[in-house]
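To start, the structure itself, in structure tokens.
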Amino acid sequence: MIVEGQKPIPDLPVLPTRKGWPWLRLSLSLAFGLFVLWYVARQTPLAEIGPTLAQVKPGYFLLSLTLVVVTILVRAWRWHLTFQPPGPLPGFRPIFWSLTFGQLLNLVLPFRMGDIARLVKLESWTHAGTTRTLGTIVVEKALDMAALGLSLLFVLPLATVFL
């Protein structure tokens, strides 16, 4: 639907498909994941890992995994809502995967570089506009800070009562 005075959205160029060497991408991803796992656990003795994993309760593990997935889905949905006309609206799937990619990189790279990476990834997948996408990330981070501030306003008085 075009509002009076609004320009129609131009057709986007067809994005290139990634058919070449999927096994190589998978191998590199697995190698990177194993490297990160080794780097994080390099100071933990192997003899401690088995007994610790045996103590994990499957119900709590599944609950935590479900909460992580739901949190990422909600964040992707919230980020998707910040994209408003004018301009092409990116789909939910590229937003979800670029957000997940950015969060992974934020775990291993300094200075929140994952947020820049998700900007670049989303732009390469959808051509939504670099400045526009950066603006939505800034709005999302501002919402995160506001939610953190409100949480502290409610939690800190309760903490003083119970401590």
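Among residues belonging to the stretch 88-112 that are farther than 17 Å from VAL139 by Cα and aliphatic (A, V, I, L, M), point out the one that is surrounded by the fewest Cβ atoms within 10 Å (Cβ to Cβ).
Selected residue: LEU107.
So, PHE61, is that one at pLDDT 90 or above and either more than 21 Å from the chain's Cα centre (by Cα) or open to solvent by 80 Å² or more (accessible area, probe 1.4 Å) (or both) or not?
Here the answer is yes, as PHE61 does meet what is asked.
Which residue pairs have Cβ atoms closer than 6 Å, lie 6 or more positions apart in sequence or on different chains, and pair a first residue in the stretch 137-163 that is within 22 Å of ARG118 (Cα to Cα) and of a type outside the set (A, V, I, L, M) with a second residue that is open to solvent by less than 90 Å² (accessible area, probe 1.4 Å) and in a helix (DSSP H, G or I)?
Between residues of the stretch 137-163 that are within 22 Å of ARG118 (Cα to Cα) and of a type outside the set (A, V, I, L, M) and residues that are open to solvent by less than 90 Å² (accessible area, probe 1.4 Å) and in a helix (DSSP H, G or I), the close pairs are GLU140/TRP79.
Results for (1) surrounded by 12 or more Cβ atoms within 10 Å (Cβ to Cβ); (2) more than 27 Å from GLY33 (Cα to Cα); (3) among the β-branched types (Val, Ile, Thr), shown as yes or no for each residue.
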residue: VAL68; (1), (2), (3): no, no, yes
residue: LEU122; (1), (2), (3): yes, no, no
residue: ALA142; (1), (2), (3): no, yes, no
residue: LEU152; (1), (2), (3): no, yes, no
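Condition check ((1) of a type in the set (Val, Ile, Thr); (2) over 14 Å from the mean Cα position of the chain (by Cα); (3) at pLDDT below 95) across all residues:
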{"position": "GLN55", "(1), (2), (3)": "no, yes, yes"}
{"position": "ILE72", "(1), (2), (3)": "yes, no, yes"}
{"position": "GLN84", "(1), (2), (3)": "no, yes, yes"}
{"position": "PRO88", "(1), (2), (3)": "no, yes, yes"}
{"position": "THR100", "(1), (2), (3)": "yes, no, yes"}
{"position": "VAL120", "(1), (2), (3)": "yes, no, yes"}
{"position": "HIS127", "(1), (2), (3)": "no, yes, yes"}
{"position": "LYS141", "(1), (2), (3)": "no, no, yes"}
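Find the residue count for the stretch 14-38, including only residues that are of a type outside the set (S, T, N, Q) and either in contact with a Lys or Arg (Cβ under 8 Å, 6 or more places away or on another chain) or modelled with pLDDT of 85 or more (or both).
Count: 9.
Looking at this structure, is LEU158 farther than 19 Å from ARG78 by Cβ, open to solvent by 70 Å² or more (accessible area, probe 1.4 Å) and at pLDDT 90 or above?
no
The values are calculated or read from the model by the stated rules, or taken from the named source; none is laboratory data. Every value quoted in this text rests on a predicted model; they were computed, and no experiment measured them. As a convention, Cβ positions derive from the backbone with ideal geometry for all residues, glycine included, and neighbour counts pool all protein chains shown. With ligands, DNA and RNA removed, areas are computed over all heavy atoms of the protein, side chains included. Shrake-Rupley method; radii C 1.70, N 1.55, O 1.52, S 1.80 Å.
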